[in-house]
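The structure follows.
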Protein chains: 2
Amino acid sequence: MKHDRILLAHGSGGKLSQQLVQDIFLKAFDNELLAPLNDQAVFSLAASRHAFTTDSFVVKPIFFPGGDIGKLAVCGTINDLAVGGAEPLYLSASFIIEEGTAVEDLRQVVESMARTAKDAGVPIVTGDTKVVERGKGDGIFINTAGIGVISNGHNLSPLTIRPGDAIIVSGAMGDHGITIMAHRDGLQMDVPVESDCAPLHGLVKVVLAESNGVRAMRDPTRGGLATTLNELAASGGSGMLIREDDIPIRDAVRGACEIMGFDPLYLANEGKLIAIVSPDSAQPVLAAMKSHPLGRDAAVIGKVMEAPKGKVLLETSLGVTRILDMLAGEQFPRIC
Amino acid sequence: MKHDRILLAHGSGGKLSQQLVQDIFLKAFDNELLAPLNDQAVFSLAASRHAFTTDSFVVKPIFFPGGDIGKLAVCGTINDLAVGGAEPLYLSASFIIEEGTAVEDLRQVVESMARTAKDAGVPIVTGDTKVVERGKGDGIFINTAGIGVISNGHNLSPLTIRPGDAIIVSGAMGDHGITIMAHRDGLQMDVPVESDCAPLHGLVKVVLAESNGVRAMRDPTRGGLATTLNELAASGGSGMLIREDDIPIRDAVRGACEIMGFDPLYLANEGKLIAIVSPDSAQPVLAAMKSHPLGRDAAVIGKVMEAPKGKVLLETSLGVTRILDMLAGEQFPRIC
């Protein structure tokens, strides 16, 4: 690259755009489907059910302990496919870059995306870049879309959730959210916490191979565990009861939440799974999760109830039961 | 919607996000695949070659004569699939909205997307919304990704281009680019020009049904005809010669270009096709294009040459032949 900073001309579609694609994107993402640099990637798909998803990422700051916006963009879309029971096949990546962004920052983000995608076995096969004027964006925004194949016999849907089903989480809640908020505020933690940002398709595969009793899965990102369970309860038309004492939360996260005034149940996670499973699948699924590096701290945290329909109840450490509502207002802008 | 302006909380993943999705997106895009509001859309695909593409749109202003950022976002991704010979099947839509954006503007953009997608027969089946603080974005940015199926026997690729092939454009060059630039500068044109923004999959279908001699197609967007032909010449390893007098350009566009100091061959188009076809396919493809409403002004503008390899030559109205380079620098920021 001849320039240290991104210029508007890098988004023109002309010579500098080509240079950017060649020097930064093509080099990092390097795969046969991307290489022809056509306006589209072409591949063969087998006849099957497929899943399609998209997410834009605007996390601030773009680098944080445990990850960066690039890693997050790859993991986030892989996870949205995985929780639907799909095996991720291909990703797209599209960038909106603010004029003046350091090319070195972009390179690091792109290399992180490439590494994450390679480790996950999901290539980035098509993309786009736009540049906006200084002050009309904020560094780097990334959109990823993904295609996955649903080749197992599972029919995951909140509509299959039944009273008595177990609610399982794959690990500690709130790591990503508190990491971003603390890093932004310059809060030093005694025990440093990192974002849990990770691709979940391996963990999902282990779970689905173990049990036919999985009703639905979600990754509790924006809005956290509380909001995601509320969505599942509303879609499934049943109630839920979770026990505060059974929800895994790191001491450091709990401490930072107390200092900063946050509730960890509303904090975003980027490498955690919620699974609603039939009563007799609870123990096998829990064991399967614990056998996977990303599910070591998995726990059964509650169960599905007949009533109150569409609501989530929290039994607190003090033995009081209260309604756990979904996130209202905006405590956590640009968390992902 | 309770609010007139987009708040950060509309991007939180909580209650206001849900309201935004229900009131604006779900109502407009209304289809069975989107309705479950899962993290992914699930559908069956037949065994076949498929195409996958993505584009982000940052056009400024978001409303312009002949279209808006929403229409552009749907057409742009449909066109990237179509020029690869794919029939567009499904779209995703992801929004990055600046805090303070008028909800009414968002609604109009989304309704325009919905109308364009419906008319094109390509549903928007999955999506995402993020909100960034005032001054960290610019109104509305949209990403669309798309999946298409390549069910015909065509093998479109610049690698199949041969000397003697004809170069055809489907209509007048520069309408979109000059519309945006003139609108931005407040230039009043005697004969108003509109963006040509349109979905090209119908036109492509007619062309591919007519002829097996189509080598490659492109839509000359950012960087215009000159840049797109340079890309095709470079990928195909051949030269190209086009004749200035044969390139359709509206008088109003030519006039505005003279006033504003632009070359119409570098202006973006959003509803035009370039097709490189075998010599004996030139007339049938031209006739097929002219039979379609979006190809009425189609013209053969030149041919592929042995040499100079990877270069595009322009025979000017004065009879001089000169090299037509790809766009350098940035004359046209945020044209799409």
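The values are calculated or read from the model by the stated rules, or taken from the named source; none is laboratory data. Everything numeric here is computed off the predicted structure, so don't read it as measured data. Don't worry about glycine lacking a Cβ; one is built from the backbone with ideal geometry, like all the others, and counts go over all protein chains shown. We work out accessible area using only protein heavy atoms, side chains counted, and drop any ligands, DNA or RNA first. Shrake-Rupley method; radii C 1.70, N 1.55, O 1.52, S 1.80 Å.
Working from Cα positions, state the angle (0 to 90°, nearest 10) between the long axis of helix B:224-236 and the longest principal axis of chain B.
70 degrees
How much net charge surrounds B:THR316 when only the other residues with a Cβ under 12 Å from the Cβ of B:THR316 are counted, with Lys and Arg +1 and Asp and Glu -1? Can you show the working numbers first?
Values: positive: B:ARG243, B:ARG322; negative: B:GLU244, B:ASP245, B:ASP246, B:ASP263, B:GLU315.
Result for the local shell: -3.
Oh, and also: Once the label point is set 7 Å along the Cα-to-beta-carbon vector, what list of distances in nm do you get between B:ASP297 and its counterparts in the other copies?
The projected label point of B:ASP297 is separated from its counterparts by 6.3 nm.
Taking all protein chains in place and a 1.4 Å probe, what share, in percent, of the accessible surface of chain B do carbon and sulfur account for?
Here carbon and sulfur together make up 49 percent of the probe-accessible area.
In addition: Leaving out ligands and nucleic acids, note down the accessible area per residue over chain A with a 1.4 angstrom probe, in whole Å². If you can, show how the numbers build up before the last one.
On the way: 12100 Å² over 336 residues.
Heavy-atom SASA per residue in chain A reads 36 Å².
Explain nothing, just the number: dipole magnitude of the range B:158-323 about its Cα centre with +1 on each Lys and Arg Cβ and -1 on each Asp and Glu Cβ, in debye rounded to the nearest 20.
Working: 16 positive and 20 negative charges, 103 e Å.
My answer is approximately 500 debye.
Please work out whether the range B:100-256 counts as rounded, prolate or oblate from its C-alpha gyration tensor, where a ≥ b ≥ c are the square roots of the eigenvalues and a/c under 1.5 means rounded, while otherwise a/b larger than b/c means prolate and anything else oblate? Show your work: numbers first, answer last.
Working: a/c = 2.08, a/b = 1.36, b/c = 1.53.
Verdict is oblate for the range B:100-256.
Give the average, rounded to an integer, of partner chain Cβ atoms located within 10 angstrom of each Cβ in A:321-333.
Working: counts 0, 0, 0, 0, 2, 6, 8, 5, 7, 12, 4, 6, 11.
Rounded to a whole number, the mean comes out at 5.
Just flag the trypsin sites (Lys or Arg not before Pro) in the range B:208-309 sitting in loop per DSSP whose Cβ has no more than 13 other Cβ atoms within 10 Å. It would help to have the intermediate numbers written out before the result.
On the way: sites: B:ARG215, B:ARG218, B:ARG222, B:ARG243, B:ARG250, B:ARG254, B:LYS272, B:LYS290, B:ARG296, B:LYS303, B:LYS309; in loops: B:ARG222, B:ARG250, B:LYS272, B:ARG296, B:LYS309.
Here the trypsin sites (Lys or Arg not before Pro) that fit, given the DSSP loop and packing criteria, are B:ARG296, B:LYS309.
Go ahead and estimate [θ] at 222 nm for the protein assembly as shown from helices alone: -39,500 (n - 2.57) per DSSP H run with n ≥ 4, summed, over the residue count, rounded to 500. Don't jump to the answer; show the numbers that get you there.
Working: 16 runs with 182 residues, N = 672.
The per-residue figure over the protein assembly as shown is -8500 deg cm²/dmol.
Shifting gears a bit: Taking 20 Å² as the minimum loss, tell me which residues in the range B:98-131 lose that much accessible area going from the chain by itself to the full protein complex (1.4 Å probe).
B:THR126, B:ASP128, B:LYS130
When each copy gets a label point 7 Å from Cα toward the beta-carbon at A:ASP280, what are the spacings between them in nm, shortest first?
Its label point is 7.0 nm from the equivalent points in the other copies.
Is the protein assembly as shown rounded, prolate or oblate when judged by the Cα gyration tensor, a ≥ b ≥ c being the square roots of its eigenvalues, rounded requiring a/c under 1.5 and prolate requiring a/b larger than b/c? Don't skip to the answer; put the middle values down first.
Values: a/c = 2.14, a/b = 1.87, b/c = 1.14.
Note, shape of the protein assembly as shown comes out prolate.
What residues qualify as long-range amide H neighbours of A:ILE150, i.e. H under 5 Å apart, gap of 5 or more or another chain, H built at 1.01 Å from N?
Answer set, sorted by chain and number: A:ARG49, A:HIS50, A:ALA51, A:GLU87.
In addition: Run the simple label-point estimate for A:ARG296 and B:LYS290 please: 7 Å along Cα→C-beta, distance reported in nm.
Output for this residue pair reads 7.3 nm.
Could you work out how far helix B:251-260 tilts from the main Cα principal axis of chain B, as a 0 to 90 degree angle to the nearest 10?
Value to nearest ten degrees: 80.
I've got another one for you. Identify all lysines with a Cα-Cα distance to A:LYS71 below 27 Å; exclude those on the same chain that are fewer than 8 residues away in sequence.
A:LYS2, A:LYS27, A:LYS60, A:LYS118, A:LYS130, A:LYS136, A:LYS205, A:LYS272, A:LYS290, B:LYS130, B:LYS136
Now for a separate question. For B:GLN19 and B:ALA209, FRET efficiency with R0 = 51 Å and r from the beta-carbon atoms, rounded to 0.05?
On the way: r = 45 Å, r/R0 = 0.89.
Efficiency at R0 = 51 Å is approximately 0.65.
What is the mean number of Cβ atoms from other protein chains located within 10 Å of the Cβ atom of each residue in peptide B:166-172, rounded to a whole number? Spell out each step's value before the answer.
Values: counts 0, 0, 0, 0, 0, 0, 0.
Neighbouring Cβ atoms belonging to other protein chains average 0 per residue here.
From the square roots a ≥ b ≥ c of the eigenvalues of the alpha-carbon gyration tensor of the range B:158-323, which class results: rounded (a/c under 1.5), prolate (a/b over b/c), or oblate? Don't skip to the end; give the middle numbers.
Working: a/c = 2.01, a/b = 1.35, b/c = 1.49.
Taking the square roots of the gyration eigenvalues as a ≥ b ≥ c, the range B:158-323 is oblate.
Would you kindly work out, in nm and rounded to one decimal, the distances from the label point of B:LEU187 to those of the same position in each other copy, ordered shortest first, with label points 7 Å along Cα-to-Cβ?
Result, one decimal in nm: 5.4.
Using a Förster distance of 25 angstrom, determine the FRET efficiency expected from the C-beta separation of B:ASP251 and B:ALA328, and round it to 0.05.
Working: r = 27 Å, r/R0 = 1.09.
It comes to 0.35.
Follow-up question, since we're still on this one. Considering just Cα atoms, how many Å³ per residue does the convex hull of the range A:70-113 enclose? Numbers along the way, then the final one.
On the way: hull volume 3.0 nm³, N = 44.
Expressed per residue, the convex hull around the Cα atoms of the range A:70-113 is 67 Å³.
Same structure again: With N residues in chain B, what two-decimal value do you get for its Cα radius of gyration over 2.2 N^0.38 Å? Intermediate values should be presented prior to the final figure.
Values: Rg = 20.7 Å, N = 336, 2.2 N^0.38 = 20.1 Å.
Relative to the 2.2 N^0.38 Å estimate, chain B comes out at 1.03.
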